[in-house]
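Heads up: the structure comes next, in structure tokens.
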Amino acid sequence: MTETYTIEGGPVELHRSSFDVADFPLPTGREEDWRFTPLDRLRGLLEDQPSGAELSWTTDLPEGVTLTSVGAEDALLRTVPKVFDRVGALALQNSTGAVVVKVAANAELDRPVVLKLHGSGADVVWGHIVLDVGANSRAQIVIEHSGTTRYAGVLSVLVADGAKLTLVGVQGWDRDAVHAQHVNVRLGKDATIASTQVTLGGDLVRFVENVEYTGTGGDAEMAGLYIADAGQHQEHRLFVDHSAPKCRSNVVYKGALQGEGAHTVWVGDVMIRATAEGTDTYEMNRNLVLTDGTRADSVPNLEIETGEILGAGHASTTGRFDDEQLFYLQARGIPEEEARRLVVRGFFAELIHRIGIPDLQERLLTAIEAELGGEPEAAIGAVNQ
Amino acid sequence: MATLEIRDLHVSVETEQGPKEILRGVDLTIASGQTHAIMGPNGSGKSTLAYSIAGHPKYTITSGTVTLDGEDLLEMSVDERARAGLFLAMQYPVEVAGVTVSNFLRTAKTAIDGKAPSLRHWVKDVKGAMDNLKMDPEFAERDVNLGFSGGEKKRHEILQMELLKPKFAVLDETDSGLDVDALKVVSEGVNRVRENSEVGVLLITHYTRILRYIKPDFVHVFVDGKVAAEGGPELADELEANGYDRWTSASV
Ligand SMILES: Nc1ncnc2c1ncn2[C@@H]1O[C@H](COP(=O)(O)OP(=O)(O)O)[C@@H](O)[C@H]1O
Ligand SMILES: [Mg+2]
């Protein structure tokens, strides 16, 4: 058996967004946005069943940041972006409220906000977190996931005018966890987000990340990296909706696959609407295949409705780290293990280095190396301690 | 003074029809400071010889020996052979995405020397060697061989030879695919290493063209998996005039 990969590309199929579960019937698996996902392994996250189970939280909140729980009727929750699929709608409905992390306007945080979410049960967990980042503030927010759970979450990220947010998500789940996540970013005028999602653990991880702009000058750097081991399914679907003029987006996702049945999916949809003159966008997905028996699907879609843009492009490559590369590096004196590390570390280092949180970067690089050395859970579990 | 000694080397590859013998008893002795040209038609087994010496896993040594300074190379892993002083400039250098040339060179140098090179000298050495090979400094930040033209790949191979300072270098068709200007630049690079070190060179080629720029001490005609004739540089002139026919027809 060898590895398979597909690279497709075409027009953007616009998905309905809504708050209402009734708008999203149970998928059959043939739908465009579900066709890659093994539905049975979502293990209940498509079923409308209330649950009081929660993840346990450890937080570090610097000055200028507050964390509160609000009820379902809270006015803020009427203003968050809609979700794009059934799991997202179920998470909003069944989480009955949200945890709101608020960064005060004009605040410049002296250290990152850290939210560590740990799962330790088999129950379904529904969750909604709102990051309410005030105008002209500067903040770094890190959300780390560990343990085991069946978790459907919505992260609503509201970046107000002139604010700059660095967002990092770490999926360091145990091997049997299931995680379906919406990340809905709304950028105000001249607002910036630099987001990095790092997906290492879990049995099934499915991210749906959306970016919308409400004014000119919005800037979204959406990065991610994933390493899928034998049997793991890791899926990242991005939708950048350029409706405002003079905004920018850059999507870069890189993944490595190793082991029988490792499956990754990356879908990048970028829509440039007629109103979005002066848009500058690029999206890229690169996959590094380390062993036979893996499958990488990569689908970049770009649709442009105005001729008045600065730039738009996409690229997708999937390549093997093969015996010839190993031979070449070894023929230069580099021992086998080091040769492998060199290639994979080099592949991911660029994404890690631009996070801008040095101690987290170090931990992530260590976790990535351990993951590649074949000790996945131990490694990333440690990241979360 | 060191010696690279190849004795009665037999090598086969795995094919769908079972193992196929490609090298049929190769004998060669190369001393430090010498340049030996191996000339042979396509398919005669030249690359097989190069890869077998370097330890490519595709080739099975069925009998014979290869020693470097008396040490058994065939017992060593690929990286051990390189650290013992062997260098192979490949006919088709491999692309390595995600690893920059500068990182690759530094890692290789550290592995070969057993310690990291002094930063100050190293940066200067790399820059100097790249200048000499007329490589744009921006190559240092590009991924190894990724998107390089054929000529750029060959320069990059010789760049490594200059920086890693091997005891013995096997250059597998380093001339193929080069235009005259690039051939000159690459040959000058090889000649610089020959002047500045005691390197022994096994120059594998199909054409006599490169021998105008890199003067061999010995020429070996390679046909059907073994050395069919040996001589001095004058043998290359005969090949230039008459081609390989004399030996290929004799071998049928
Ligand atoms: N994997 C293989 N299966 C079958 N034949 C092979 C294989 N690899 C090499 N050969 C054969 O071995 C012979 C020598 O190849 P090579 O060493 O590349 O020659 P050269 O470098 O002199 O052109 C050729 O006839 C080639 O077809
Ligand atoms: Mg050849």
Could you give me D for the protein assembly as shown, from Stokes-Einstein at 20 °C and 1.002 mPa s, where the hydrodynamic radius is the Kirkwood radius over C-alpha pairs? Units µm² s⁻¹, please. 78
From the residues B:Ala129, B:Leu49, B:Tyr207, which one has its Cα farthest along the dipole of chain B in the positive direction, the dipole being from +1 and -1 charges on Cβ of Lys/Arg and Asp/Glu about the Cα centre? B:Ala129
Ranked from the most accessible area to the least, with a 1.4 Å probe and all protein chains present, what is the order of B:Lys226, B:Lys165, B:Lys109? B:Lys165, B:Lys226, B:Lys109
Apply the Debye scattering formula to segment A:2-321, with a single equal point scatterer on each alpha-carbon and no solvent, then give log10 I(q)/I(0) at q = 0.10 Å⁻¹. -0.53
Using a Gaussian network for chain B with springs between C-alpha atoms less than 10 Å apart, which of these wobbles most: B:Leu28, B:Leu164, B:Leu88? B:Leu28
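Rolling a 1.4 angstrom probe over the protein heavy atoms, how many square angstrom per residue are accessible across chain A?
36
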At what distance in nm do the modelled label points of B:Ala229 and A:Glu63 sit from each other, each positioned 7 Å from its Cα along Cα→Cβ? 8.9
Percent carbon-and-sulfur accessible area, the protein assembly as shown, ignoring ligands, DNA and RNA, probe 1.4 Å: 49
As a test of reading the structure, rank B:Glu195, A:Glu283 by solvent-accessible area (1.4 Å probe, protein chains only), most first. B:Glu195, A:Glu283
Between B:Ala31 and B:Asp136, 0.36 nm times their residue separation minus their Cα-Cα distance comes to what? 34.4 nm
Within-12-Å neighbourhood charge of B:Ala236 [Cβ basis; K, R +1; D, E -1]: -3
Please compute the Kirkwood hydrodynamic radius over segment A:233-382, one decimal place, Å, based on all pairs of different Cα atoms. 17.3
Per-residue average of other protein chain Cβ atoms inside 10 Å, peptide B:106-116 -> 3
Out of A:Val159, A:Val185, A:Val343, any idea which swings most in a Gaussian network model of chain A, alpha carbons joined below 10 Å? A:Val343
Options B:Gly25, B:His156, B:Ile6, ranked by Cα towards positive dipole end of chain B, top entry (Cβ charges): B:His156
For chain B, give the magnitude of the charge dipole about the Cα centre (Cβ charges: +1 Lys/Arg, -1 Asp/Glu; no others), in debye to the nearest 20. 600
Specify the residue with the greatest mean-square fluctuation among B:Ser77, B:Ser118, B:Ser47, computed from a Gaussian network of chain B linking alpha-carbon atoms under 10 Å apart. B:Ser118
About its Cα centre, how strong a charge dipole does the protein assembly as shown have in debye, to the nearest 20, once Lys and Arg get +1 and Asp and Glu get -1 at the Cβ? 940
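Pairs of Cα atoms under 8 Å, at least six residues apart: use those to get the relative contact order of segment A:2-321, whole percent.
That works out to 15 percent.
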Surpassing 28 Å at the alpha-carbon level, of the pairs B:Lys154/B:Lys215; A:Lys116/A:Lys164; B:Lys46/B:Lys127, are B:Lys46/B:Lys127
Give me the accessible area of A:Ile193, 1.4 Å probe, in Å² rounded to the nearest 10. 0
Using 7 Å Cα-to-Cβ label points, what is the B:Asp8/A:Leu365 separation (nm, one decimal)? 5.2
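Assuming 0.36 nm per residue, please report the length gained on full extension of the stretch A:Ala105 to A:Ser51 beyond their Cα-Cα distance.
Answer, rounded to one decimal: 16.0 nm.
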Note on chain A: helices (DSSP H) long enough, at least 15 Å by alpha carbon along their axis, and hydrophobic enough, mean Kyte-Doolittle at least -0.5, are A:336-353, A:358-372
Residue-normalised accessible area of segment B:1-141, given per residue in Å² at a 1.4 Å probe: 45
In the B-A interface, the accessible area buried, summed over both sides, Å² (probe 1.4 Å): 2000
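Only helical DSSP H runs with n ≥ 4 go in: add -39500 (n - 2.57) per run for chain A, normalise by residue count and round the 222 nm mean residue ellipticity to 500 deg cm²/dmol.
That calculation yields -5000 deg cm²/dmol at 222 nm.
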Relative to the Cα centre, what is the charge dipole magnitude of segment A:137-268, using +1 at the beta carbon of each Lys and Arg, -1 at the beta carbon of each Asp and Glu, and rounding to the nearest 20 debye? 360
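Kindly work out what percent of the DSSP beta bridges joining two residues of segment A:2-321 are antiparallel, to the nearest 5.
Rounded to the nearest five, the antiparallel share is 10 percent.
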Loop-resident sites, segment A:63-152, for GluC sites (Glu not before Pro), counting at most 12 other Cβ within 10 Å (DSSP): A:Glu63, A:Glu73
Would you please give the FRET efficiency between A:Phe19 and B:Glu21, computed as 1/(1 + (r/R0)^6) with r the Cβ-Cβ distance and R0 = 51 Å, to the nearest 0.05? 0.10
Between A:Leu39 and B:Lys127, what is the spin-label point distance in nm, taking each point 7 Å from the Cα along the Cα→C-beta axis? 6.2
Keeping every protein chain in place, order B:Tyr213, A:Tyr328, B:Tyr244, B:Tyr207 by accessible area at 1.4 Å, biggest value first, i.e. largest first. B:Tyr207, B:Tyr213, B:Tyr244, A:Tyr328
Please give the length that would be gained between A:Leu76 and A:Ala230 if that part of the chain were fully extended, namely 0.36 nm times their separation in residues minus their C-alpha to C-alpha distance (nm, one decimal). 51.3 nm
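The values are calculated or read from the model by the stated rules, or taken from the named source; none is laboratory data. Being a predicted model, the structure only gives us computed values, none of them experimental. Virtual Cβ from ideal backbone geometry, glycine too; neighbours counted across all protein chains shown. These accessible areas exclude ligands, DNA and RNA; they are computed on the full protein's heavy atoms, side chains included. Shrake-Rupley method; radii C 1.70, N 1.55, O 1.52, S 1.80 Å.
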